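Quick notes on the structure that follows.
The values are calculated or read from the model by the stated rules, or taken from the named source; none is laboratory data. Worth saying up front: this structure is predicted, and the values here are computed from it rather than measured. All Cβ positions, even for glycine, are placed from backbone atoms using ideal geometry, and neighbour counts span all protein chains on display.
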Amino acid sequence: MPAVGGLTAPMLTSLTNALGVPRNVLAADDQIEHAWTTLPRLIAQIPVEHRSETLVRMCVAVATGLFDAAINYAWNAAVVELREKVRRFGLAVVPQVTNKPFDERTLVELKDADLLQLCLKLNLISEEGYFFLDQCRDTRNNFSAAHPTMGGLDEHEFIAFLNRCAKHALSNEHNPRGVDIQGLIGAVKGARFTAQQVDAWAERLAQTFDAQRELLIGTLHGIYCDPASGEEARVNALSICERLAASFSPRTKSDLVDRHQDYLAKGEEARHKASQAFFERLGLLALLSETELHALVTSAARNLLSVHNAYNNFYNEPPFAERLAAVTGQNRVPETAQYEFVHAVVTCATGNQWGISNAAMGDYEKMIRSFSPQEIRIMLQLLEQNTIVRARVMAHGRCRTQFAQLVRLLDGSSVPTSARQAYEGWLTVPV
């Protein structure tokens, strides 16, 4: 900033002398100097594109000690930028958030207080920003040259005012863009998305503000669970959520669980089952209750065992094994479901006298390697009980060798003391 003290100080003295008023009706020279030397640091916070003629006028006001005029110019610049933030968010989207008509004229005619509240609701400013900018609004209304003032301002008050406007309104903070809700729903219910469309919509949801993103994810969950939704709509909704699942906020997860429980409480079985599949596909089964996880695991285990004991099992097992691995891989198996889980996996992995399902063995081995100490104990005790796997191991050498190979997949450090003897005994069986 250019040095102005040597120019303005004599001019202000001459001016007040000419009018016959005391020099102290204006800011003192040292106050002007303090504010002027602080201006570069404050203006540096403001991007070049926001340094309009309004800020030039503000600087001129500061140079002459007119802090009441300076804060008015600073506030006008802040209001202009807040309106631009709303425009960038999307005028057509604002009514979907506020449930009120909104257009360019409405934006221009908004009172400053209402503009701040709208920006807060759209997440264009933070709660902290709203608090400080609302204080600036009150200061501007009562102490600026825009209205008869309640008193004077010194350089410290001006510096604080400009700092808040620069930090919370004029800086290039993240400006979320609103998502056209009706446009999203219409697209989801249309044709099957391409990979590029999924990426585009996921990016839009990622960029919008938290409250709208949570609402839209809930909407997509509802579309997926609606029995009336077409398969393309369900796949589209799921595809977008899969892209965003890793970044779901705690509030989003809580909302999804609440929706899921509502389906159960209302007896909407079709929606509830679809919601379970939604949680499973997104890797969120850990959010469900212990009771639901028990039901999911035991159901998948029984289905696998049923297919294993049926005709042509070697060809039919893989998808059922994959489903059980997917369900149990997301969370610890509930203690109440561990027996059925282990029994199904070990029985199928041991196979029968004719062999095993080679295509399913990858999933079986993965699940066995992840057995907990309690599940290892159950596995080794299966041969002490009247089970299918015991009968096969006792009757067929191939099954005995296969079971011994499965035991070798276990982590020796996880074997509980009560099962240590049986474990070490199987390690001696030739394979």
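Structural remarks
- Taking segment 268-304 as the range and being polar (S, T, N, Q) and under 24 Å from the mean Cα position of the chain (by Cα) as the test, the residues that pass are Ser275, Gln276, Ser289.
- Any chance Val108 is under 24 Å from Cys165 (Cβ atoms), more than 29 Å from the chain's Cα centre (by Cα) and surrounded by fewer than 18 Cβ atoms within 10 Å (Cβ to Cβ): yes
- Checking each residue in segment 205-241 for being charged (D, E, K, R) and either within 12 Å of the chain's Cα centre (by Cα) or closer than 19 Å to His272 by Cα (or both) picks out Asp210, Arg213, Glu214, Asp226, Glu231, Arg234.
- Any hit, segment 177-185, residues being in contact with a Phe, Trp or Tyr (Cβ under 7 Å, 6 or more places away or on another chain), closer than 22 Å to Lys273 by Cα and surrounded by 15 or more Cβ atoms within 10 Å (Cβ to Cβ): no
- Qualifying positions in segment 189-208 - of a type in the set (A, V, I, L, M), touching a residue at least 40 places away in the same chain (Cβ under 8 Å) and in contact with a Lys or Arg (Cβ under 9 Å, 6 or more places away or on another chain): Val198, Ala202, Ala206
- Residues located in segment 120-158, provided they are in contact with a His (Cβ under 8 Å, 6 or more places away or on another chain) and aliphatic (A, V, I, L, M): Ile125, Leu133
- Residue check for Trp36: buried (at least 18 other Cβ atoms within 10 Å of the Cβ) and without any contact (Cβ under 8 Å) to a residue 60 or more places away in the chain: yes
- Residue list for segment 376-431, restricted to those being farther than 20 Å from Trp354 by Cα and not in a helix (DSSP H, G or I): Gln385, Asn386, Arg408, Leu409, Leu410, Asp411, Val415, Pro416, Thr428, Val429
- Residue match in segment 71-91 (condition: surrounded by fewer than 20 Cβ atoms within 10 Å (Cβ to Cβ) and part of a loop (DSSP other than H, G, I, E, B)): yes
- The listed residues are Ala27, Ala78, Ala44, and the only one of them that is in the same structural domain as Ala146 (by TED's automatic domain parsing), touching a Leu at 6+ places or on another chain (Cβ under 9 Å) and over 18 Å from Pro10 (Cα atoms) turns out to be Ala78.
- Residue-level check: of (1) within 33 Å of the chain's Cα centre (by Cα); (2) of a type in the set (Asp, Glu); (3) farther than 17 Å from Leu293 by Cα, Glu384 misses just (1).
- So Pro319, is it without any contact (Cβ under 8 Å) to a residue 40 or more places away in the chain, outside any loop (DSSP other than H, G, I, E, B) and not hydroxyl-bearing (Ser, Thr, Tyr): yes
- Residue list for segment 138-152, filter: surrounded by 18 or more Cβ atoms within 10 Å (Cβ to Cβ) and part of a helix (DSSP H, G or I): Thr139, Arg140, Phe143
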